[in-house]
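Novice: First, the structure itself, so that you have it in front of you.
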Amino acid sequence: MRSFWNSRAWRRAIGFGIVLAVACGREVPLEDRVERLLAKQDYGQALDLVAGELRKRPEAWPVHDLRVRVLLAAGQADEALRAYAERYRQGGPDAPDLFRQIAMALVQEGLASGDGLLRARAAAALAALASPDLLPVHRRALVHPDASVRALAVGALSGVSGEEAGRLMREALADPQAEVRAAAAAALTGRNDAETRAALAQALQDPAPVVRLRAATALARQGWPEAITLLTRFVREADDSLRMQALEALGHLGNRDVAPALRPVLQDSNPYVRIYAAEALARLGEPLGREVLRQALRHPNRSVAMYTAEALSNLGDASGAARLVEALVPGEDLSTRLYAAWTLARLGDHRGKPILDELLQHEEMQVRMQATWTLGQMGDGVGVGSLRRALTDEARPVRLQAAWALAATLRGGGAGAPGG
């Protein structure tokens, strides 16, 4: 009798083994293997798999992206940022959606930071990343013990559509801190539903004048004549800040009937209030407003002159560019140089960029952080290269600020007011 080893059964077994080996030899795609490991929370093995593939194919950008996804899943957002930054050193392309996921994870970490400045920056970044998918982050920020975080978070909701965002803003009108209620009233501007109108009307009775002012502004934009009347009264308030905010609102509303109430404010004792009045009148088509602003550019106080240059930049007028360029020279106060660079950038004038690149090397972390923020406000992608370099700064707050600024730039984010 023939032995098994020479039998047909053995030959069949050998054939089955070959088929099985061939089937097993068809390698399961790397992404599928990684996903299975992530499902088991085996992040170390997943990273080892990706690292092995990158050693073989160092310019396989989808594999680089996979590495970032694993690090994010593992809760290592800062390592994910470092991993993403490697592609720049290797000449790789951007992946804006993936980078936004990194920025979102860093926002959540920033909001939990013990550093008040970093918390505020993270909350402000919510506005640049505004999206309904960030609503869970907003909800957590809106119950943060730091009122400034709550105010920034509710203000960021102004760029988020949907009823849930509206509900969160209306609820913030009941916050115990006036700054949060004021931010909520301002954020509700542009929402014309009945619930919002009723909530804003109720806010007109708020004990804090600034909340009443913001609510009146929002309602005036909806066409409430009573709200415009209330704003005009605020122009006569004793508080300088309230007068300036009312003037700004009236200028943007574009109702020329209020011009007679604004002209006397051009004689205000506070030069900054006068600038607000002049800008408002210029917006209303009053030639006197722009004339007053151009005269104020020659004010002996440089701060007043630069503030005037900013007001003119709000009108798209570059008349103050020369004063701003003067403030860029070495030896000037750092905050003044940053402010000048930011204002010039709003005019599409990038003469301040070399100064910002220089300040990215400054020994003080907060200066580098502010320079990074300002670079993020430059249009046309001018600051992108510098922001990419800042992603590897030795100080984590600078890296985070660079990530938030770059994420906004990659998705076409606009410029805001100067931070800090």
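Novice: Can you name every residue in segment 195-243 that is of a type in the set (Lys, Arg) and under 23 Å from Tyr272 (Cβ atoms)?
Specialist: Passing the criteria: Arg212, Arg214, Arg233, Arg236, Arg243.
Novice: Going by what's in this entry, would Ala405 be described as more than 24 Å from Arg87 (Cβ to Cβ) and within 17 Å of the chain's Cα centre (by Cα)? Step through it out loud before you land on a result.
Specialist: Details: more than 24 Å from Arg87 (Cβ to Cβ): no; within 17 Å of the chain's Cα centre (by Cα): yes.
No.
Novice: For segment 140-152, check the following and say yes or no: at least one residue is under 24 Å from Ala73 (Cα atoms) and out of contact with any Phe, Trp or Tyr (no Cβ under 6 Å at 6 or more places or on another chain).
Specialist: Within segment 140-152, the first condition is being under 24 Å from Ala73 (Cα atoms), and the residues that meet it are 140-141.
Imposing the further condition that a residue be out of contact with any Phe, Trp or Tyr (no Cβ under 6 Å at 6 or more places or on another chain) reduces the set to 140-141.
Checked segment 140-152: at least one residue is under 24 Å from Ala73 (Cα atoms) and out of contact with any Phe, Trp or Tyr (no Cβ under 6 Å at 6 or more places or on another chain).
Residue by residue, here is whether (1) surrounded by fewer than 15 Cβ atoms within 10 Å (Cβ to Cβ); (2) more than 27 Å from the chain's Cα centre (by Cα); (3) of a type in the set (Lys, Arg) holds:
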site	(1), (2), (3)
Ser161	yes, no, no
Asp175	no, no, no
Thr217	no, no, no
Leu230	no, yes, no
Val235	no, yes, no
Val258	no, yes, no
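Novice: If you don't mind, another one. List pairs: first residue in segment 215-236 and of a type outside the set (A, V, I, L, M), second residue assigned to a helix (DSSP H, G or I) anywhere in the structure, Cβ distance under 6 angstrom, at least six positions apart or on different chains.
Specialist: Thr217/Ala249; Thr232/Val258; Thr232/Ala261; Phe234/Leu213; Phe234/Leu242; Phe234/Ala246
Novice: If only one of Leu71, Leu81 is assigned to a helix (DSSP H, G or I), modelled with pLDDT of 95 or more and touching an Asp or Glu at 6+ places or on another chain (Cβ under 6 Å), which one is it? Steps first, answer last, please.
Specialist: Values: Leu81 fails: touching an Asp or Glu at 6+ places or on another chain (Cβ under 6 Å).
Being assigned to a helix (DSSP H, G or I), modelled with pLDDT of 95 or more and touching an Asp or Glu at 6+ places or on another chain (Cβ under 6 Å) holds for just one of Leu71, Leu81, which is Leu71.
Novice: Which residue, of Pro136, Pro62, Pro96, Pro58, is under 22 Å from Ala153 (Cα atoms) and out of contact with any Pro (no Cβ under 6 Å at 6 or more places or on another chain)?
Specialist: On the way: Pro62 fails: under 22 Å from Ala153 (Cα atoms); Pro96 fails: under 22 Å from Ala153 (Cα atoms); Pro58 fails: under 22 Å from Ala153 (Cα atoms).
Exactly one of Pro136, Pro62, Pro96, Pro58 is under 22 Å from Ala153 (Cα atoms) and out of contact with any Pro (no Cβ under 6 Å at 6 or more places or on another chain), namely Pro136.
Novice: Criterion first (closer than 16 Å to Trp373 by Cβ and outside any loop (DSSP other than H, G, I, E, B)) does Tyr307 satisfy it?
Specialist: For Tyr307, the condition - closer than 16 Å to Trp373 by Cβ and outside any loop (DSSP other than H, G, I, E, B) - is not met.
Novice: I'm trying to understand the selection: among the residues of segment 186-213, which are within 17 Å of Ser241 (Cα to Cα) and either touching an Asp or Glu at 6+ places or on another chain (Cβ under 9 Å) or of a type in the set (A, V, I, L, M) (or both)? Quick ask: steps written out before the conclusion?
Specialist: Step one: list which residues in segment 186-213 are within 17 Å of Ser241 (Cα to Cα), which gives 186, 207-213.
If the condition is that a residue be within 17 Å of Ser241 (Cα to Cα) and either touching an Asp or Glu at 6+ places or on another chain (Cβ under 9 Å) or of a type in the set (A, V, I, L, M) (or both), then Ala186, Ala208, Pro209, Val210, Val211, Arg212, Leu213 are the ones that fit.
Novice: Something else about it: Can you report the number of residues in segment 239-260 which are at pLDDT below 95 and of a type in the set (Gly, Ala, Ser)?
Specialist: 1
Novice: Sticking with this one: Which residues, counting only those in segment 174-201, are closer than 23 Å to Gly116 by Cα and not in a helix (DSSP H, G or I)?
Specialist: Asp175, Pro176, Gln177
Novice: Here's another thing I want to ask about it. Report the residue count in segment 358-379 for those that are outside any loop (DSSP other than H, G, I, E, B) and either on the phi > 0 side of the Ramachandran plot or not aliphatic (A, V, I, L, M) (or both). Working first, answer last.
Specialist: So the first thing to find is which residues in segment 358-379 are outside any loop (DSSP other than H, G, I, E, B), and the list is 358-359, 365-376.
Remaining after also requiring either on the phi > 0 side of the Ramachandran plot or not aliphatic (A, V, I, L, M) (or both): 358, 366, 368, 370, 372-374, 376.
Qualifying residue count, segment 358-379: 8.
Novice: Now a separate question. Do we have Pro300 as assigned to a helix (DSSP H, G or I) and either more than 31 Å from the chain's Cα centre (by Cα) or polar (S, T, N, Q) (or both) here? Break it down into steps so the answer makes sense when it comes.
Specialist: Working: assigned to a helix (DSSP H, G or I): no; either more than 31 Å from the chain's Cα centre (by Cα) or polar (S, T, N, Q) (or both): yes.
Considered against the rule, which asks whether it is assigned to a helix (DSSP H, G or I) and either more than 31 Å from the chain's Cα centre (by Cα) or polar (S, T, N, Q) (or both), Pro300 comes out as no.
Novice: Report whether or not Leu188 is closer than 28 Å to Leu126 by Cβ, of a type outside the set (Gly, Ala, Ser) and within 26 Å of the chain's Cα centre (by Cα).
Specialist: On the way: closer than 28 Å to Leu126 by Cβ: yes; of a type outside the set (Gly, Ala, Ser): yes; within 26 Å of the chain's Cα centre (by Cα): yes.
Answer is yes for this residue.
Novice: Please work out if Val149 is buried (at least 21 other Cβ atoms within 10 Å of the Cβ), modelled with pLDDT under 95, closer than 25 Å to Ala249 by Cα and within 15 Å of the chain's Cα centre (by Cα).
Specialist: Details: buried (at least 21 other Cβ atoms within 10 Å of the Cβ): yes; modelled with pLDDT under 95: yes; closer than 25 Å to Ala249 by Cα: yes; within 15 Å of the chain's Cα centre (by Cα): yes.
Yes, satisfied.
Novice: Please enumerate the residues belonging to segment 380-389 that are assigned to a loop (DSSP other than H, G, I, E, B) and either surrounded by fewer than 23 Cβ atoms within 10 Å (Cβ to Cβ) or among the charged types (D, E, K, R) (or both).
Specialist: Taking segment 380-389 and keeping what is assigned to a loop (DSSP other than H, G, I, E, B), we get 380-383.
Result: Asp380, Gly381, Val382.
Novice: Continuing with this model, one more query. Using beta carbons and a limit of 8 Å, which pairs, at least six apart or on different chains, have the first residue in segment 155-166 and of a type in the set (Asp, Glu) and the second one assigned to a helix (DSSP H, G or I) and surrounded by fewer than 18 Cβ atoms within 10 Å (Cβ to Cβ)?
Specialist: Pairs that qualify, where the first residue is of a type in the set (Asp, Glu) and the partner is assigned to a helix (DSSP H, G or I) and surrounded by fewer than 18 Cβ atoms within 10 Å (Cβ to Cβ), are Glu164/Pro132; Glu164/Leu135.
Novice: Which count do you get for residues in segment 84-123 that are outside any loop (DSSP other than H, G, I, E, B) and within 19 Å of the chain's Cα centre (by Cα)? Even if it seems obvious, please write down each step before you answer.
Specialist: Step one: of segment 84-123, the residues outside any loop (DSSP other than H, G, I, E, B) are 84-89, 96-111, 116-123.
Among the residues that remain, those that are also within 19 Å of the chain's Cα centre (by Cα) are: 96-111, 116-123.
Qualifying residue count for the region: 24.
Novice: Determine, yes or no, whether Gln101 is outside the structural domain of Ala51 (by TED's automatic domain parsing) and either more than 30 Å from Arg212 (Cβ to Cβ) or surrounded by fewer than 24 Cβ atoms within 10 Å (Cβ to Cβ) (or both).
Specialist: yes
The values are calculated or read from the model by the stated rules, or taken from the named source; none is laboratory data. None of these values were measured; they are calculated from a predicted model. All Cβ positions, even for glycine, are placed from backbone atoms using ideal geometry, and neighbour counts span all protein chains on display.
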